[in-house]
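What follows is one structure encoded as structure tokens, with my remarks underneath.
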Amino acid sequence: MTLGRMPIIDTTPVLLPKLLKHPLNLQSYFLKNMPNHAALITRYAVGRKILRVTNLHLDVMGGITHKRKQMKLVSEYLQITRADYDIVCGDFNTIGPYRIQKKSVQRQKNVIQRQLGKEFREVPTPTWTCDVADTTSPLLPAGKFIYRIFKKTGIHFRQKLDWVFVRGFKSAKASVRHDLKGSDHYPVIATLSI
């Protein structure tokens, strides 16, 4: 959901390409129907300018090829609607332990950023944004079992899944609120100036 104090011009949900059930896709074994992932694109009036905020949730499965398809659809939509400023943020599911697979996560981020275009830049977060040890998906039957193992052993699986990309802003910085729990994802707070 996108909330803001500015007047809303319009809000558009965009359903992203969906993975099909397939023997090599782990979700096929746990879920009756494959999940839909989406982007919610909201445009706000900021004086005489337009701010567009795109919240999205890319699929965890399907690898970078599937993420590229999902981002291509978002990028195409952003190109056909007008905005002076853009924020594209959310759960990009760039899977890989933060400290061990930084290069892999960076490659995934670069593919996503190329789909958005050169005018978009990342708002860097200094640290990981997700820790599976704090909660697991209730959609997966194994979720509760995995959660108990993480809690009893004190193991953490920290990842950088959440990103913020912007266009048209003079400066931008971000932080992660690790003190606020409620999901395996922690809030990413971005401060932007026009």
Test: residue in the stretch 130-148 that is modelled with pLDDT of 80 or more and touching a helix residue (DSSP H, G or I) at 6+ places or on another chain (Cβ under 9 Å): no
Filtering the stretch 35-60 down to residues that are buried (at least 17 other Cβ atoms within 10 Å of the Cβ) and in a loop (DSSP other than H, G, I, E, B) yields H37, L58, D59, V60
May I ask you to list the residues in the stretch 149-181 that are in contact (Cβ under 8 Å) with a residue 40 or more places away in the chain and open to solvent by 40 Å² or more (accessible area, probe 1.4 Å)? F157, R158, R167, G168, K173, S175, H178, K181
Yes or no: the stretch 70-80 includes at least one residue that is open to solvent by less than 60 Å² (accessible area, probe 1.4 Å) and either in contact with a His (Cβ under 9 Å, 6 or more places away or on another chain) or at pLDDT below 80 (or both). yes
Of the conditions (1) under 24 Å from I189 (Cβ atoms); (2) among the small types (G, A, S); (3) modelled with pLDDT under 80, S104 satisfies every one except a single condition; which number is it? (1)
Among residues belonging to the stretch 149-191 that are assigned to a loop (DSSP other than H, G, I, E, B) and farther than 25 Å from D59 by Cα, point out the one that is modelled with the lowest pLDDT. G154
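The values are calculated or read from the model by the stated rules, or taken from the named source; none is laboratory data. Here the structure is a predicted model, which means the values were calculated and not measured. Note that we place each Cβ from the backbone using ideal geometry, even for glycine, and neighbour counts take in every protein chain shown. Areas reflect the complete protein model, heavy atoms only, side chains present, ligands, DNA and RNA absent. Shrake-Rupley method; radii C 1.70, N 1.55, O 1.52, S 1.80 Å.
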